[in-house]
Amino acid sequence: MSQEQTSQDVQTATGAADTVSNTIQDTADNQPAKVYTQAELDAVAAEVRRKAEAKLAKRFEGVDVEKYQTLVQKEEELKISQAKEKSEFEKLLKENAEKFNSKISTLTSELTRSRWMEH
């Protein structure tokens, strides 16, 4: 695209924006500005809040918050318990491995001694 074409596109877009701006200004000039009272603003805010609360209430309808919190707490306790059990299991596994390695070493050395004595 040439620089001349780009310049023409910008001018066209600017002209269109000016036309829209003028149309909006003409419309605004023909109508008086709406002034809202504090009571009207409060009523609109209250309605928006009511609708948002209703939407959330519908979404979480039937959800018992205390029961949910209890379930979450139990789940965390279960995770901790499982981690402890895993830790204990790994500890027992390590102890058993050490016992068996010790026994294997003892038997290996006895076998080596008995073979050495035979020679």
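The values are calculated or read from the model by the stated rules, or taken from the named source; none is laboratory data. These numbers come from a predicted model, not from an experiment. Because the Cβ atoms are built from the backbone with ideal geometry, glycine has one as well, and the counts that use them run over all protein chains shown.
Details
- For region 82-89, the criterion of being assigned to a loop (DSSP other than H, G, I, E, B) and either at pLDDT 90 or above or on the phi < 0 side of the Ramachandran plot (or both) is met by none of the residues.
- Residue identified as at pLDDT 95 or above and part of a helix (DSSP H, G or I) among 54, 43: 43
- Residues satisfying the stated conditions in region 28-40, i.e. modelled with pLDDT under 90 and part of a helix (DSSP H, G or I): 28, 29, 30
- Hits in region 33-47 - residues which are surrounded by 10 or more Cβ atoms within 10 Å (Cβ to Cβ) and among the aliphatic types (A, V, I, L, M): 41, 43, 44, 45, 46
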